[in-house]
Each structure stands twice: as structure tokens, then as C-alpha cells.
Amino acid sequence: MSVETTTETAPVPKKGMNILFGLTLLGLLLFLWLLLGLSTTSFWTANNISNLLRQGAMTAILAVGQTFVIITAGIDLSVGAVVGFSSVTVAWLLSHGVPLWPAMGITLLVGVLIGAFHAFGIVRMGLPAFIITLATLTSLRGIGLLVTNGSTISISNEAFTNFSRADFLGIPSLFWMVIVVAIPAYIFLHLSRWGRYLFAVGSNSEAARLSGVNVNRTIYLAYILSSTCAAFVGLLLASRIGIGNATQAEGWELQAIASSVIGGTSLFGAVGSVHGPLLGAFILATINNGANLLNVNAFVQRIITGVLIIVIVYFDQLRRRGSR
Amino acid sequence: MSVETTTETAPVPKKGMNILFGLTLLGLLLFLWLLLGLSTTSFWTANNISNLLRQGAMTAILAVGQTFVIITAGIDLSVGAVVGFSSVTVAWLLSHGVPLWPAMGITLLVGVLIGAFHAFGIVRMGLPAFIITLATLTSLRGIGLLVTNGSTISISNEAFTNFSRADFLGIPSLFWMVIVVAIPAYIFLHLSRWGRYLFAVGSNSEAARLSGVNVNRTIYLAYILSSTCAAFVGLLLASRIGIGNATQAEGWELQAIASSVIGGTSLFGAVGSVHGPLLGAFILATINNGANLLNVNAFVQRIITGVLIIVIVYFDQLRRRGSR
Amino acid sequence: MTGLYDVSHRHEGAAIAKHPVAKGQPILELRGLQKKYGAVEALKPANITFLSGEIHAIVGENGAGKSTLIKLLTGVIRRTSGEVFWCGDAVQLATPNEAISRGINAVHQEVVLCRHLSVAANMFLGDEMNKNGLMRKRAMTDAAQAVLNDLGFNLPAAALLSDLTIGQQQLVATARAAMRGTQFLIFDEPTAYLTRQESAQLFRLIRRLQAEGVTIVYISHRMEEVFELADRVSVLRDGTHVGTRNIGETNDAELISMMINRTIEQIYHKETLPIGGTIVETRGLSGPGFTDVSLSVRAGEIVGLYGLIGAGRSEFALGLYGRQPVSSGEIVWQGNPVKIRNERVAMDLGIALAPESRRDQGLCLNLPIGMNINLPIFDRLSNGLTINRRRETDNADRQINDLKIKTPTRRVLASAMSGGNQQKIVIGKWLSHGAKLFIFDEPTVGVDVGTKAEIYRLFARLLEQGAGIILISSYLPEVYELSDRLHVFRQGKLVASHTYRSASHEEVLTQAIGV
Amino acid sequence: ADVTIPIIVKDTTSFYWQIVLAGARAAGKDLGVNVPELGAQSESDINGQITILENAVAGAPAAVVISPTEFKALGKPIDEAAKAVPIIGIDSGADSKAFTSFLTTDNTQGGRIAADGLAAAIKEATGKEEGDIAIITSLPGVGSLDQRHNGFVEQITAKYPGLKVVADKYADGQATTGLNMMTDLITANPNLVGVFASNLIMAQGVGQAIAENKLGDKIKVIGFDSDEKTVGFLKEGVLAGLVVQDPYRMGYDGIKTALAASKKEKVEANVDTGANLVTKANMADPKIDALLNPKVN
Ligand SMILES: Nc1ncnc2c1ncn2[C@@H]1O[C@H](COP(=O)(O)OP(=O)(O)OP(=O)(O)O)[C@@H](O)[C@H]1O
Ligand SMILES: Nc1ncnc2c1ncn2[C@@H]1O[C@H](COP(=O)(O)OP(=O)(O)OP(=O)(O)O)[C@@H](O)[C@H]1O
Ligand SMILES: [Mg+2]
Ligand SMILES: [Mg+2]
């Protein structure tokens, strides 16, 4: 009942709770799906489920990357800009005759470099994560606009643009990409020692350091992962809309953060998972999809989204408090 | 040289340094002005200085409000949306025949209520400030759009719309408003005990609570002040653009936060002032004004802004570290 | 209004002590006071009466519920059930504010002050001097300085709190509590980070307060302090109030057996072992906070470092461990000169450091106990990519058992542990890591008598395995009784060295103070 | 070239406005005028545009060319600015009588043209002007988009009673959002026969959804403005038509008129640069082709 829950000693769910909580979010998602299935005829069609999986995919991947950073008690505001910038990068490379695979490789590498730059700013220059990533957000959009001269670069590579439309085993390729990212991410965060180090740094970086954890390297890792996920999403976006455009993905950073927090990540660090943000992202996608199917006024949709974020995170807090 | 500066044990500036730092920022501002005076013929014209003062004014007021929140180690992402929503509120009230003063009063009151709602979410519901203010951001834009049906409401009250263009003693009225806000804000933050409580809550809310400080009330105060400043800026904006439009002031929250941080506020809480954010806001305004006068490409301007934010905050960090 | 100083106006006109209670009469009565954290019953229904004007000690093992009791009385946490009577009236004590305005104040176990504010601002926090709505900053600084001087604490009131060491911060908290008009003052292990000299100052203060009619509650793990100060003593065990004694009618042995239900013959467990080769030697080592320190540690010996607050011992340890840069001098490790650039280098050489502040340096508070214990050795617990869960849990459970950490499972968060149990986690972390040289900085702060004895026995085990130990402690009996060689630090310099029991307590103290 | 005539557009980050700027740039080169290219970075940033106008006027230029981002809001600032320099309006209007000259493309008219184009395309496909249609607007609160929307709805209601607007959606300026909305509309409205995507970015997103679902034959989409991507869609039959204005000419003539005005020459008060419906059928016309492939660089 007091503000202490918002300080750095915020309550943390127990191990068992963690899984339960994951289940409850899953429950919420299934509940939403049930509800939409009952109130629309078109929700439970193969086509719509495919759409839904595609629509949530990009935010889901961003949210996973973001979660690594948030667990270290940081934040990465640049991811939306990195997505837009990456779409420009790959489109530019392709339009200048670079073959597909190298073009994608270079784009991912740019993501790595951006993440390394963030970590450099935080670790070496002592800047708050909020500020350095806000600054790159601004600058990257500027660079992307400069490269494209404010316009878009069309992508003519059919193989590339067809990818995002393709299915594999009946499941959209974009959703496969979520799986491709989520499984190594899960192993990394929950089963490997580097994941543990992320939590330790987020909880108390000084204690982690004195225990021999290379705190700086851990921070580099987190930000590089986040930016690389964002660059990867940039590739997917470019494939999906078939253009490179620096102003795309505006505000996606907030969606990614919201997904992550809905998925149980604590903005104070040291609490988070891989499955949570995924569920969070698909809950948000479901809200939008449902609102579209129900033909909810676009403005009302915004209101609902805001309210639901509050409600979901509030019940999350309640659950945690109950577990104490 | 280490990451510890990014944890809650961030370095703490000495008292004397605080004033020196203020001076140095002032030095930076004057230096920029000198530079622009030398490189353009039009910078030091009465007209342009008036423009500059007008342009920085709204961000400056937002940044002061935001600073109160950041000092308590919180954040208010909703201020841009509150500005837009307030412009709609006052326009709607005026267009429904409510007289000017009550209309303005009600708009400010709406600001108070929004701030109170944020504090309620944080204090009673245990939500992170980032999330509750992000949610109101989304919802308020939705409500505003719903009220205006996605369009704009014209304001026909001439007295109201002329205000923002008026001068008084040769100084633009908008800049007078900065002074009107800054002086009480200074007294509140630096000379009264409530200001000290803001710092105490930001430094260690548990310690403040144990000392008998009403932490909850302090948090209410901070968020209400921030939202009320934003509602006030909404009135100024409505006066300046002569319409109410819910999508205005997009991204202003980030500008306000950036101004505040450039002005020496620490995002980890407990460090900040009133003069710093004001200087920060006018530094940003000067960068934009100068870039326009120098005919810098708009995209390059973004890049420069990002780079300058990093540079300024970095030197701030250096200074603080030096002062230890 | 009671209290030593006339600077607080918080209680002016407030309903403090409507019916003044005569000395020796009950001022605060607990009836069935109980606190549960979920399923954990931290305090079982307790009936304790505090008499006006007495010094009432509370003792008990780690996790016995002492701090819980204090937090209930000061409104930090809310009780699960029971009643509290203050001056005969039933009171809620729901918020710190309520407790303070009734005249109940506390110096808590963990220092809780605002590090960004000045000493004076901390002392007046929530109780500022105002004039026309504005703060009188100058007047507050002067008043705070006067109080600090009067108490004999050599601290500048205008300094930022973050510039002080943890011990000095403890003094600020004490001065603050003494300064506020108060009737009932609780000290939760106030001497944990204090040396003899500061402890003596504190005791003088407590006696002065008692003479003013203030009721004092005093919690400590140091028996001699209890016998020196207290009029009566209450014992808690596993959250149960097992009894209250008049100090004249009891003794060490009885209290200890009440606390832990068994007896301890010997606290300072010391075996004389053959001393081996030199593990580490520093030659003229200097860095921030310490200058020109030359000492060596051999296998099988404990090297004690004693000094007053801020003498530079912790800084020396951090320098040796690579956490802070060393400006000059040399470190020789098993005969070879080495540069220890960071903690990892130190660990790889075989140095372990259990740091002094468990909150800031020792623990990831919002992570589970098991994760904290395993943190230094995750690389060893991994098979290539992933961590071997089995070895991870086995190791955590072993340390929890060995150190008798009072927790149902390794999954409980470190923040839910009592102060002493948290300290055990810090130690357990380094025991599982193992090393040639262990640096223990204040290892027994807040640790109960029984566990202390166990920790000392652990030291012996480490020594038997051929390790060397640097023991930094502000608790003279501890370093005195355990150290094979005892070095005294003063203002960052090593000023004197003694072999086991070769100097008297008084001699060591004099050297530390430097008079 | 010591004559300076700044041009202020609504959103420098959009291709449409880059074409306007390109036209202005070309005019600057041809006429020996220095043309600072200014503009806000979002069509909804009214305050930003006022600020830029103030700054531009402070530089004491010979004239200013501006495309007001909001009708009412820019009125007073333009009145104010016109006291110092001649103001030439392009593209959209403002609540001011101070314009020396005005080169518009009537956005409301553009909306009507889109409605006619959509009806024709639907008729061609189904044989009748009947069925469910949808509107997707990129951003709420943007003057020109509102006008297109209103013109479109007006014309549909007046002339094509058989066409029913079943969804009237607002996105957030993101192509992906347009794409997602469109796929959901397809799901929710199996009888959908037409869509009006009222700017370039939405046409790209909506076009992508149509292409993904191969529904170009069934759902007719009319977009607004053009670039390589949407022209490609048009060729493939993914989009049924594009309403194309003449931004290049607007920029070019804007500067030309401004220079004349600054020399106190007489200029025409109102010029309509027009809007055209481009379909697969007429896209090869030289005139249309020039519109679709402006000389941007
Ligand atoms: N926030 C909490 N959540 C759950 N359990 C708690 C919490 N705080 C304390 N406990 C439990 O309550 C019991 C009593 O703790 P308390 O801090 O009162 O012990 P203590 O007597 O002060 O010990 P020490 O001498 O180590 O300080 C312990 O078992 C502890 O684990
Ligand atoms: N970051 C710092 N920079 C400069 N001086 C410091 C810093 N931290 C501590 N000091 C100073 O170094 C000196 C040694 O402090 P240290 O904490 O090592 O003493 P100690 O002997 O361990 O005492 P304690 O019992 O308080 O732990 C003190 O005077 C302290 O004020
Ligand atoms: Mg305790
Ligand atoms: Mg120490």
C-alpha cells in the first residue's frame, strides 16, 4: 500500500510464481481469444490467426531484446529508430547491387555496432541509458532521412519481399522468426550464466562486480542484443512492406517496453523472462486485431489500449504482492 | 570509468558545484549565442531574439514540471499528450460558450486531476511511473481525438489567441509566462521544505518515510505539478496556434526530459534544479533556431541535436566526477 | 517535551504523552503483538512491557524477530494482530509519522538516510525549521553542527552524507534520533559498524538520554554491551518472546542458552596451526584512502586489521582486490610481483573479498539466496553453454545448511532475510568459491553469538586447508582474539603491528586513536 | 544570388514534400534565387511550422513560400509575417487574406476525384457501383488528410448511394499499421470491394496487404500521391488508381511567383495546379508520366 514497492527493492515473484504468472498471462491471452471468437465470426479463421501471428511478431522480437536491457535496469529507447534505419540500410544496400545475404549481414552488423555504441556511452562515458538511446533515436532518424532524402527506397528483390508473406508448415514465416529468436534467447537468459549475470547486474552492479562478474561486458551484451534484435526486425519490416523508410517504426520502442512490462519485466531491473514479453506483445497485437475486427473506432481503440495496460500491469503487481 | 554511475548510487554533485554547473550551462548558452551572432546577420535582431524566447518558452515550462517528477526518481511521459489534450479542452469549452477565465481554470484543473491520477497509480496501485504515464499518453490522445472527432476545434476568442503574440516591456508574453512559472518553482524547490522532500524521496524514499515525510503526498505533489505545468503549456499552445488539436505536442515529453537532463537533472533522482532545465530548454531552442538561420538541412539538424545531447550530458558527467 | 536538544518543534502542541508516565511505570505495553510475512511468522504473539526511563535490551539469534518488533513499534510495517498500549492508550502505530509524533523514534539496523542530502538536511528531514514558509537552512546547519559537537561526533554538518563512511552515517542517524524530541528511543545494533571509541561515545549519549527520562530499547549481539548498559533484558527466539530478566539476576550463559537453547563453551575458536609460506605481500601500497601499507599474509594465519572508522582498512582491501586503482607500491603474490587490475584478476589469482556493506556491495537483494551464493562460481557450474541445474542447487543448499541460513528454500529473495542471515549469504558466497587468500571485511556485523562461533570455526577450517585470512573488524575482541598478527591502521597508514595477544586492548586502542 | 526566398513545407520527411522542394530547388537554380528548404517533420506539428515561419521571416527574405499545415492555426502567423514580406501560399490554404498569391491543389477536390475513381474501378470489376468500402487515413488531426477524407465521403454520399463506408480508420502514420489494419479489414469484411488510402504511406501499407492476399481483382484501392513503390503496385494491378497532384510544379511556380511578387510585379492571386486520377490505362501519357517521375535530384 505504499510507495516502497516502486523503489529499487521492489517485490520479486518467487520462482514458482514466475511460471504461474506466465501461465496467467497465457490465460489472459487465451481468454481474449475466446472472447473474440465468441463476438466475431472471423477471429478463428486460419487467415486471421496467421495475420495475428504476423502482426505480433515484430513487436515480440523487439520486446525480447528490450527485456535483456531492462533486466540490467537499463532502457533502450532507440529500437524503433534502429528498425527504421535498418530498413533503409538493407534497402540501400540492395539498391546498390549488394547481394541479399551480405546486405542482411551488414544490416545486422550495423545493429551490433549501434548497441556497442550505447554500451560505450553508458559504461565509458557514464551517460544514463535513457539519454544515450534517446540521442541515437534522434540521430539515426536523421541519418536515415538524409540517406533516403526523406523518401523511401523500394526493394525489388522478390525473394526478400516474398519472405514475410510466406508460410512454413502452415505457420507464417514471421512467426517462425519469433521462434528462431525466442529459443536461443530463452537458453541465454534462463539457462546460461550470462543470463544470470544480467540479473545480477540489474540487481546490484557493485555486488556483481565484486563477485567477479564483468559488469561492463554484461552491459555491452545487453545493448548489443537489443539493437541486433531491432536490426533483425528492420529486415523483417523491410521484407514486409517492401521499402526502406527511415520514419517507419516510430513509437515501437514504447510498444516494446510496454510488451515487456506487461510480460512481467520490472523497470527497476533484475526481474524478467523471455516468455513474458512474447505474451505481452501478442496480447497487444490481439487487442488491436480484435478492435479492428469489431470495427472499434480508432480513437476508442487508443483509449482501450491505455486502460488495458494499466489494468494488466496492476493485476501483475497484485499477484506479486500476494506472493510475498 | 565504470558503470556504477548508472546505478542508484550515482555520484552526487557538491553544493557549490551546482551553482558552478548552472553557470557553465549559461556559459554554453551564451557561447552558442555569440557563435550564431558571428555566423549569421539575423541572429541578434530584436525579432529573432523574441522568436527564440517564444520558441523555448513552452519546452522550458514543461521541463520545469518534469524536473519535479524526475527529482523524485520518477518520469512523466504524458506531458506532451496533456498539452494536446488541454488545447482541446480549452477550445471545446470556449466553443461551448464557457467564458475565458473559467475555461482556463477548468483546463488547469483537468491537469491537476491527470497528475493526481498518475500519483494514484504509482502510490496506490504500485505501477511504475513509466507505465502509468505511458498509458495516459495513449488514452489522452484517444480521448482528445474522440472529442474533436479527429479534427480540430477553432478558437475564436481574440483576446486569448492574441495573447501569445503580445509583448510586454519588449519581452514576448510567452517568455513572461516562463518567469511566472519559474519564480514560484524556484522558491518551492530550493527554499521550501516541500522541495527538500522531493529530493529526499528521490534519494531514498524509505528513509524519507521513516523520517516522517509524507512520501505519498510528495509524489502526488510532483506529478500534479508536472501535469499542471503541461496543462498550462496546453493553454499557451492553444493561444499560439488558435485551435484545439489532440495530436499536437507529440514527442514534447522527450524534449522536456532532454532539457531537464541537459540542465543537470539526474534520471536516478535527487539531483536537479529549476534554472538547469530552463537553460537546457533554451539551449535546445537555440540549436534549432540557429540551424534554421544557417539553413542547415532539417535531417542534419536531427543528427546534430542527438550528438549535442550526448556531448553536453557527457561533459556534465565529467564535471561531476571531477567534483568528487 | 523530552530529549536533549531544544531544536525540534515537531511536537509543539502535539498530543505527545497526554498523561506523563512516572519513572518505572509501564510506558509501552505489547499484548499479543504478532507479525506474519505470508506464511513466515516473524514475530509470534508477544507480551512485553517497557518501563518508563529504563534501558531495555533485546537479544536473540539472527532472524529471531528483533528488527521486526522494532519495525512494528515505529510504524515501518503493520502488525498482523495484537495490541499496543502507549501511556495506557491503545495505539495503531500505522505509519512512521504516527510513531514519531507520539515520541517513538528509532535508529534502524540498516542506515536509512538520504545520501544526496547534507548531514544537517538529514538530521532535520521531516522536521525542518521554517520561517514564513521558507526553510532556514543556515540555522539548521548551525543547530545540527552544535548537536554533533556536543555529542563529540567529529562530523561536519554541511557535508554530503554520501561523503561519509558507513560508520559515520550510523553516527548521523544516532545524532538525529537524539536530537528529535522523543520519549522512547530504539537502537537496533547501533554499534555494529562502530569501534570502541565511538561505542563509548554512544553509551555516554544513551546514559544522558536516560537521565533526561527517555526510555531506551537497545538491541545488540554483543553481550558485554548488554551487561554494561541495560536495566532489563528480553530474549527472543524464533519469533517467540522467551523471557525478560533484570540484568542483575542473569548472566551470559543464561541469556545465551535462552537464545539458542544450548550453551557455547568457547566463542573465539582459535587453533594454532603451523604457519606456511607467504601468500601475499604488499610493499608500500598506496591508493585512495591508504598510504604506504606493507604487510604480508602467510598460509594458515589470520592477519587482523584494526582501526577507527575511516582508517582506510576497507579501502586497502578494495585496492588489493583490484576494485580500486592502486597509485603506487607493489603486490607480490606467492613470490611473484603482480598487477591486479580488476576483481577478476584477483579472483583468478585466488583472492576472495567479503565486502563490508552487504546492502551496497555484498548482495543482489532482489535476487534469490541461491543465485547470490552461486554468483562467483557460475562459470564453474556451467557445462559449456548452460548451467548444470543440479550442481547449482546442490551448492546453494550446502551453503545454506553449513551456515545455518534461516530460510525455507534457496529461492527466497535475499531482501527477505534478517540482517545477520544476509551477512551469512555474503560469506557463503565466498566459501563456495574458495581461495588462497580470504579478505573478510567486518564479517560478523550483525551476526549472533552462535553463528559468530561457527564463522570462527569456519575460519579455522579455511586455514587448515592452507589458506590465509585478512580479517578487518571494528570489534576489538574479535580481531584481538583471532589474529595471529594484528595491524593497527590510523588515517590510512599502518601504524603498529602486534603478534597474537602481545599487546593489551588499551595499547591497541591508543594506537588506533593516536593520542 | 543574394535574393533569398525560403520555402516552408508541412513535413520534410515525406516524399511528396521532397518533390515540392525539388521543384523549388530547380526554380532557385533557374532564377538565381537562394532557396532555404524548411519545414516541420510531421504534418501534425503546427507549432513547429509556426516557429519555422517566424525564424524564416527573421532572416529578412525577399518573400516566403509556405504550405500551411493547418487552416486556422497558420492564419494569424501568416498575417503577422505578411507585414514584413510577401507570402505565397502553396498546396493548402490558411485563414488569412494576406497571401500575395496562392497555388493550390484542392485536397477536397482530390478526395472527390478519388471517390469517382474508386466507383469507376468497382464498376469495372463488378459491373455495378455497389458494395462495402473503407477509408484509411494515415494520421488524425492533419488538415489536408481531413479535407481528402471529407471530399471523398461527400462525393460518395452524393453520387454513389450504393457504396457503403463500413470502416473509417485512422492509423498512426506507419505503413505497418496500415498493412495490419488492411489485413484485419479483409478478414472482418468479406464483402469489401474498395478502399481509399489517402496518402502515400497508407497506400504503400494497404497495397502490400492487397498484394500479400492477392486481392487486387476483388478489392479496388485508390491511393494518393505516388512513388516508385505505389507506381509499381499500379502496374501490377494491386492498386486501382492514384490521385496525383503536381507537387513539382507547385514548388517551382511557388518560387517563381514569389520572386515576381518580391519585385512588386503583378501576380495571379489564385492558381489551381490540379489533381489527376492515374490508372493503369493512362499512366503512359507523357503528362502523367512526368507527374509520376518527377526530377527529384
Ligand atoms: N520482508 C520480509 N519478507 C519475508 N520475511 C521476512 C521479511 N523481513 C523479515 N523476514 C523474516 O522475519 C524473520 C525475523 O527477521 P528480523 O529482521 O526481525 O530478525 P532479527 O532478529 O532482527 O535478526 P538479525 O539479528 O539478523 O538482524 C526472519 O526469519 C526473516 O527472514
Ligand atoms: N570514494 C572515495 N573517495 C575518496 N575518499 C574516500 C572514498 N571513500 C572513502 N574515502 C575516505 O577514505 C578513508 C578510508 O575509508 P574506509 O572506509 O576504508 O575506512 P575503514 O577503515 O574501512 O573504516 P570503516 O570502519 O568506516 O569501514 C575515509 O577517510 C573515507 O572518508
Ligand atoms: Mg535485525
Ligand atoms: Mg571499513
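The values are calculated or read from the model by the stated rules, or taken from the named source; none is laboratory data. Given the structure is predicted, the values throughout are model-derived calculations rather than measurements. Glycine gets a Cβ as well: all are built from the backbone with ideal geometry, and neighbour counts include every protein chain shown. Remember, those area values only see protein heavy atoms, side chains included, never the ligands or the DNA or RNA. Shrake-Rupley method; radii C 1.70, N 1.55, O 1.52, S 1.80 Å.
What percentage of the solvent-accessible surface of the protein assembly as shown, computed with a 1.4 Å probe over protein heavy atoms, is contributed by carbon and sulfur atoms? C and S fraction of accessible area: 57 percent.
Converting phi to 3J(HN,Hα) with the Karplus coefficients 6.51, -1.76 and 1.60 and the offset θ = phi - 60°, region D:269-282 yields 6, 9, 10, 9, 7, x, 9, 10, 8, 9, 10, 4, 5, 9 Hz in sequence order, with x at every glycine or proline. Taking 21 Å as the straight-line reach from the Cα of C:LYS429, the lysines in range (excluding those fewer than 8 positions away in the same chain) are A:LYS14, A:LYS15, C:LYS404, C:LYS406, C:LYS452. Remark: relative contact order (region C:344-499) = 25 percent; criterion is Cα-Cα distance under 8 angstrom and separation of 6 or more residues.
Please give the FRET efficiency for A:ALA166 paired with B:VAL311, using the beta carbon to beta carbon distance and R0 = 35 Å, rounded to the nearest 0.05.
Details: r = 45 Å, r/R0 = 1.30.
So the FRET efficiency works out to roughly 0.15.
Each part gets one Cα centre, and for region C:254-331 versus region C:434-490 those centres are 7 Å apart.
How crowded by other chains is A:220-232, given as the mean number of beta carbons from other chains within 10 Å of each beta carbon? Please list the in-between numbers first.
Details: counts 0, 0, 0, 0, 0, 0, 0, 0, 0, 0, 0, 0, 0.
So the per-residue partner count for this stretch is 0.
Pick from A:GLY105, A:GLY56, A:GLY74: which is most flexible by mean-square fluctuation in a GNM of chain A where alpha carbon atoms under 10 Å apart are linked? Highest fluctuation of the listed residues: A:GLY105. Cross-link reach is defined here as a Cα-Cα straight distance under 20 Å, omitting same-chain residues fewer than 8 places apart; for C:LYS131 the aspartates and glutamates meeting it are C:ASP6, C:GLU12, C:ASP142. Which residue fluctuates the most in chain D, going by a Gaussian network model with Cα springs under 10 Å, if the choices are D:GLY194, D:GLY59, D:GLY141? Greatest mean-square fluctuation among the candidates belongs to D:GLY59. Distance between the C-alpha centres of region D:204-271 and region B:158-173: 40 Å, rounded to the whole angstrom.
Measuring against 20 Å, Cα to Cα, the residue pairs D:LYS97/D:LYS264; C:LYS23/C:LYS44; C:LYS339/C:LYS436; D:LYS10/D:LYS72; D:LYS123/D:LYS218; D:LYS159/D:LYS287 contain C:LYS23/C:LYS44; D:LYS159/D:LYS287 as the ones spanning a longer distance. All C-alpha to C-alpha distances of chain C, sorted into 20 Å bins beginning at zero, yield P(r) values of 22, 54, 23, 1 percent in whole numbers. Projected over all directions and averaged, the alpha-carbon convex hull of the protein assembly as shown occupies 55.0 nm². Once the Cβ-Cβ distance of A:LEU191 and D:LYS263 is raised to the sixth power relative to R0 = 56 Å, the FRET efficiency obtained is 0.15.
Between B:THR41 and D:LYS29, the distance separating the two model label sites (each 7 Å from Cα on the Cα→Cβ line) works out to 2.7 nm.
Here's the picture: charge each Lys and Arg Cβ at +1 and each Asp and Glu Cβ at -1 in region C:82-207, and of C:THR174, C:GLN92, C:PHE184 the one pushed furthest to the positive end of that dipole is C:THR174.
Between D:ALA284 and C:GLU330, the distance separating the two model label sites (each 7 Å from Cα on the Cα→Cβ line) works out to 9.1 nm.
R0 = 30 Å: FRET efficiency of D:ASP2 with D:ASP272, Cβ-based, nearest 0.05? Could you put the intermediate results ahead of the total?
On the way: r = 32 Å, r/R0 = 1.08.
Efficiency for this residue pair is about 0.40.
Ignoring ligands, DNA and RNA and using a 1.4 Å probe, state the total buried accessible area between A and B in Å², rounded to the nearest 100.
Details: alone 15330 and 15450 Å², together 25910 Å².
Interface area, both chains combined: 4900 Å², rounded to the nearest 100.
Between copies, the label points of A:SER156, set 7 Å from Cα on the Cα→Cβ line, lie 5.7 nm apart, reported in increasing order to one decimal in nanometres.
Past the 19 angstrom mark, what percentage of all C-alpha to C-alpha distances in region C:361-515 do you count? Here the long-distance tail beyond 19 Å is 59 percent of all Cα pairs in region C:361-515.
In this structure chain D gives 34 Å² per residue of accessible area when probed at 1.4 Å with all protein chains present.
Label-point distances for A:PHE31 to the equivalent site in the other copies, using a point 7 angstrom along Cα→C-beta, read 5.7 nm when ranked shortest first.
The length gained on full extension between C:PHE85 and C:THR499, counted as 0.36 nm times the residue separation minus their Cα-Cα distance, comes to 143.6 nm.
Nearest 100 Å² is fine: how much accessible area is buried between A and D, summed over both sides, with a 1.4 Å probe? Intermediate values should be presented prior to the final figure.
Values: alone 15330 and 12720 Å², together 25230 Å².
Separately minus together, A and D give about 2800 Å² buried.
The residues of region C:365-433 expose, per residue, 37 Å² of accessible area to a 1.4 Å probe. Springs between Cα atoms under 10 Å define the GNM used for chain B, and in it the highest mean-square fluctuation of B:LEU94, B:LEU198, B:LEU225 occurs at B:LEU94. Only Cα sites of region A:230-323 enter the Debye sum here, all with the same form factor; the resulting log10 I(q)/I(0) across q = 0.16, 0.23 1/Å is -0.80, -1.24, listed in q order.
Which whole-number value in Å² is the accessible area per residue of chain A, probe 1.4 Å? Present the calculation step by step, with values, prior to reporting the outcome.
Numbers: 10230 Å² over 324 residues.
Computed with neighbouring chains in place, this is 32 Å² per residue.
Short to long, the 10 Å bins of the Cα pair-distance histogram for region C:365-433 hold 23, 57, 18, 2 percent of all pairs.
Between C:GLU212 and C:LEU273, the modelled label-to-label distance comes to 5.0 nm, taking each label 7 Å out from Cα in the direction of the beta carbon. Distances between placed amide hydrogens fall under 5 Å for C:ILE186 paired with C:ASN105, C:ALA106, C:VAL107, C:VAL217, all partners being 5 or more residues away or on another chain. Is the shape of region A:54-323 rounded, prolate or oblate, going by the alpha carbon gyration tensor and its root eigenvalues a ≥ b ≥ c, with a/c under 1.5 for rounded and a/b larger than b/c for prolate? Cα axes put region A:54-323 in the oblate bin.
In order along region B:242-252, phi translates into HN-Hα couplings of x, 9, x, 8, 6, 8, 6, 6, 5, x, 5 Hz, rounded to whole numbers, per the Karplus curve 6.51 cos²θ - 1.76 cosθ + 1.60 with θ = phi - 60° and x for Gly and Pro. Stokes-Einstein diffusion of region C:468-515 at 20 °C, 1.002 mPa s viscosity, Kirkwood radius from Cα pairs, rounded to a whole number: 198 µm²/s.
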